[in-house]
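Trainee: Let me begin by handing over the structure; questions about it come next.
Where a number appears in this text, it was derived from the coordinates with a stated rule and is not lab data. Bear in mind that the values here come from a model prediction, so they are computed numbers and not experimental data. Here the Cβ positions follow ideal geometry from the backbone for every residue, glycine too, while neighbour counts run over all protein chains shown.
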Amino acid sequence: MTEAPKKSFNPLLLLPVLIFLGLATMFYVGLQRENPNDLPSAFIGRDAPSVNLTNLREDPAPVDADFRNGNMQLVNFWASWCAPCRAEAPMLEHMADEMGIAIIGINYKDQPSQAEAFMAQFGDPFIKVGADASGRNAIEWGVTGVPETFILDGEGKILLRYPGPITQSVLTNRILPLLGGTAE
């Protein structure tokens with residue numbers, strides 16, 4: 001009687017299982033972050049880039065925002081074609097009208113008539129508002145999409161970049177602690 005050849009274990013058979021477990025672990029850890037869409041900004045702690053915008057109100061003069069005016073302020077990139085911007089509009093109105101927060105609006109790659117119609121319909125919470133028709137200002141600020149909001153200190157340094165619409169939770173947990181206030 002002949003003996004059957006011994007089969008040896010091939011460790012390469014475990015490789016697909018180990019790769020799967022490694023990827024699953026990486027995905028799980030990535031999803032445990034507070035906000036997976038909250039990308040870090042290289043601009044935090046730096047001076048806000050200057051802006052060169054066309055005014056969206058009656059006077060078509062360029063809008064230059066004084067970011068070093070001693071007051072904290074928000075810079076909000078938005079567009080009329082942006083659905084999340086429409087959802088965010090009532091919160092911006094609340095922040096400006098009821099809380100007295102200074103907001104500078106930068107309309108991103110929009111038709112002036114559509115931007116004006118948006119403000120007529122959803123409100124105009126901005127102390128200054130201008131059009132960034134080419135998108136050049138958004139590039140200089142590192143904007144990845146609209147809406148996107150930046151909080152600046154009184155010296156014009158960026159304290160926070162928030163991508164996405166501002167909600168009550170974002171206002172309470174992210175913005176107001178930087179502004180030193182509480183939600184009303």
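Trainee: Taking springs between alpha-carbon atoms closer than 10 angstrom, which of Thr54, Thr25, Thr144 fluctuates most in the Gaussian network model of the chain?
Mentor: Comparing Thr54, Thr25, Thr144 in a Gaussian network model of the chain, the most mobile one is Thr25.
Trainee: Counting Lys +1, Arg +1, Asp -1, Glu -1, what net charge surrounds Asp110 among other residues with beta carbon under 11 Å of its beta carbon?
Mentor: Values: positive: Lys109; negative: Glu116, Asp132.
Residues near Asp110 contribute -1 overall.
Trainee: Largest first and in whole Å, what are the equivalent-ellipsoid semi-axes of region 122-184 based on the Cα gyration tensor, each being the root of 5 times an eigenvalue? Write out the running numbers ahead of the final one.
Mentor: Working: eigenvalues 94, 41, 31 Å².
The equivalent ellipsoid of region 122-184 has semi-axes of 22, 14, 13 Å.
Trainee: If you don't mind, another one. Please find the FRET efficiency linking Asn71 to Val29, where r is the Cβ-Cβ separation and R0 is fixed at 35 Å, and quote it to the nearest 0.05. Display every interim value, and only then the final one.
Mentor: On the way: r = 40 Å, r/R0 = 1.14.
FRET efficiency, Asn71 to Val29: 0.30.
Trainee: Sort Phe67, Phe77, Phe20 by Cβ crowding within 10 Å, fewest neighbours at the top. Spell out each step's value before the answer.
Mentor: Working: Phe67 22, Phe77 26, Phe20 10.
Ascending number of Cβ neighbours within 10 Å: Phe20, Phe67, Phe77.
Trainee: Right, something else. With a 10 Å Cβ neighbour count serving as the proxy for reagent exposure, in which order, fewest first, do Lys6, Lys157 appear? Write out the running numbers ahead of the final one.
Mentor: Numbers: Lys6 5, Lys157 16.
Taking fewest neighbouring Cβ atoms as first place, the list is Lys6, Lys157.
Trainee: Also, quick follow-up: Starting from the alpha-carbon convex hull of region 53-112, give the projected area averaged over all orientations, in nm².
Mentor: Working: hull surface 18.7 nm².
Spelled out: convex hull of the Cα atoms, projected over all directions, averaged, 4.7 nm².
Trainee: Which of [x] 25, 20, 15; [y] 48, 18, 16; [z] 45, 22, 14 is the computed semi-axes √(5λ) of the Cα gyration tensor in Å for the structure on display?
Mentor: [y]
Trainee: Between Leu18 and Lys109, what FRET efficiency comes out of the Förster formula 1/(1 + (r/R0)^6) with R0 = 41 Å and r the beta carbon distance, rounded to 0.05?
Mentor: Values: r = 46 Å, r/R0 = 1.13.
Efficiency at R0 = 41 Å is approximately 0.35.
Trainee: Taking θ as phi - 60°, what are the ³J(HN,Hα) couplings along region 83-95 by the Karplus curve (6.51, -1.76, 1.60), each to the nearest whole Hz, with x for Gly and Pro?
Mentor: So the J values, rounded to whole Hz, are 4, x, 5, 5, 5, 7, 3, x, 5, 5, 4, 4, 4.
Trainee: Compute the helix-to-body angle for 15-31: its Cα long axis versus the longest principal axis of the chain, expressed 0 to 90° and rounded to tens.
Mentor: Roughly 20 degrees between the two axes.
Trainee: Still on this structure, please answer the following. Would you mind ranking Ile101, Ile151, Ile139 so that the residue whose beta carbon has the fewest other beta carbons within 10 Å leads the list? Walk me through the numbers before you get to the answer.
Mentor: Details: Ile101 22, Ile151 19, Ile139 11.
Exposure proxy ranking, most exposed first: Ile139, Ile151, Ile101.
Trainee: With unit charges on the beta carbons (Lys and Arg positive, Asp and Glu negative) and the dipole taken about the Cα centre of the chain, which residue among Met26, Leu15, Gln168 sits farthest to the positive side?
Mentor: Result: Leu15, furthest along the dipole toward the positive end.
Trainee: Now a separate question. Count the DSSP beta bridges whose two residues both fall in the chain, then state the antiparallel fraction as a percent rounded to the nearest 5.
Mentor: Working: 15 of 25 bridges.
Once the DSSP bridges in the chain are tallied, antiparallel ones form about 60 percent.
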